[in-house]
Amino acid sequence: MNRENVSLGAKDHDIYQVLSDEEVFADLFNGALFGGSQLIRPEMLAQMNEKKYVNITGTVQGQKKVILKRLRDVQKSAELREGCLAVILAAEGQREIHFAMPVRSMLYDAVDYTSQVEQITKAHMKQKDLKKRPEYLSGLKKEDRLLPVITIVFYYGEDQEWDGPLSLHDMLEIPEELLPWKDYIQDYKVNLVYSGTVNSRNFRTGLRDVFELLPLMKDKEGMKAALAKNRGHYSCMDKKSGWILSKFLNIPELKKEVREGEVIDMCTAIEEMIQDSREEGIAYGVEQGEQIDQDFTGRVQTG
């Protein structure tokens, strides 16, 4: 990895911890998908089991039952109206570009929908209220409905330039003869979220700062200029915003506990991190130079 980078990258576990926070989770969807409209509120959200096991029969392995296992990063249900479960929301964190993301995202959502069908079918079996042949065949009644699933792929890598596929069609090699009819080939699009696809002003939590500073993670001078321009803001951040930013920028100095009501000086913390990175690079260069000198000296002595 280039030692000129400001940070070695966020730790995935820390990111999942941040995204699991209801306020941050709601802000991610509101800011990224709904233009800043507060459609999702933290109190609407309920944690869901990210582990999904779905039984599938009649696969390529014959009629054997196959258990499909998938583990979401963060998944929550939301009641848009009181007492009415309306939507399932999921956030998949990506530190690296994933060249099969459309298929992966499609599979996650398909497992969620299949799981819903299985749950409804079990309820009908328990109530013994499936009467017609089509109902027995599908395990559903005509009036049964599934909850929509919305999945966000949150790319927080240092490069902040996604050059991977954004849809299933992007991954397919469609023969020229089929191009006029490619609409018959089902597509699946990725809801990709990163600094290049959002307006940072649409966010109300520390995610706003994350989207503003992430693109500068490989640009030390740009980072210092941004801090200088907004020093009043970054030198006096509230505890939670500082916590969020510290996780994404991987700032070790701010991983210690901050007392309630205490403000955080992110300017100083980031500047110290930049300095540490510079010193680390210098030390690495010196170490490499010494190693080269030793190798050269050794060859001369044995030559």
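Within segment 12-49, the residues that satisfy the criterion of being surrounded by 14 or more Cβ atoms within 10 Å (Cβ to Cβ) and among the polar types (S, T, N, Q) are Gln17, Ser20, Asn30.
Search segment 210-241 for residues being in contact with a helix residue (DSSP H, G or I) (Cβ under 6 Å, 6 or more places away or on another chain) and under 11 Å from Met266 (Cα atoms), and hand back the single one that is surrounded by the fewest Cβ atoms within 10 Å (Cβ to Cβ). Checking each candidate, the answer is Arg231. The single residue among Arg95, Arg133, Arg145 that is closer than 30 Å to Tyr16 by Cβ, surrounded by fewer than 16 Cβ atoms within 10 Å (Cβ to Cβ) and of a type in the set (Lys, Arg) turns out to be Arg95.
Gly157 passes every criterion in (1) part of a loop (DSSP other than H, G, I, E, B); (2) over 24 Å from Ser105 (Cα atoms); (3) of a type outside the set (Lys, Arg) apart from (2). I need every pair where a residue in segment 30-43 that is in the same structural domain as Asn191 (by the TED database) has its Cβ under 9 Å from the Cβ of a residue that is part of a loop (DSSP other than H, G, I, E, B) and polar (S, T, N, Q), sequence separation at least 6 or different chains. These pairs meet every condition: Asn30/Ser37; Asn30/Gln38; Gly31/Asn199; Gly31/Thr205; Ala32/Thr197; Gly35/Asn199; Gly36/Asn199.
Scan segment 205-226 and give yes if some residue there is of a type in the set (Gly, Ala, Ser), modelled with pLDDT of 85 or more and either touching an Asp or Glu at 6+ places or on another chain (Cβ under 8 Å) or not in a helix (DSSP H, G or I) (or both), otherwise no. Yes.
The values are calculated or read from the model by the stated rules, or taken from the named source; none is laboratory data. As the structure is a computational prediction, the values presented were derived from the model and not from experiment. Note that we place each Cβ from the backbone using ideal geometry, even for glycine, and neighbour counts take in every protein chain shown.
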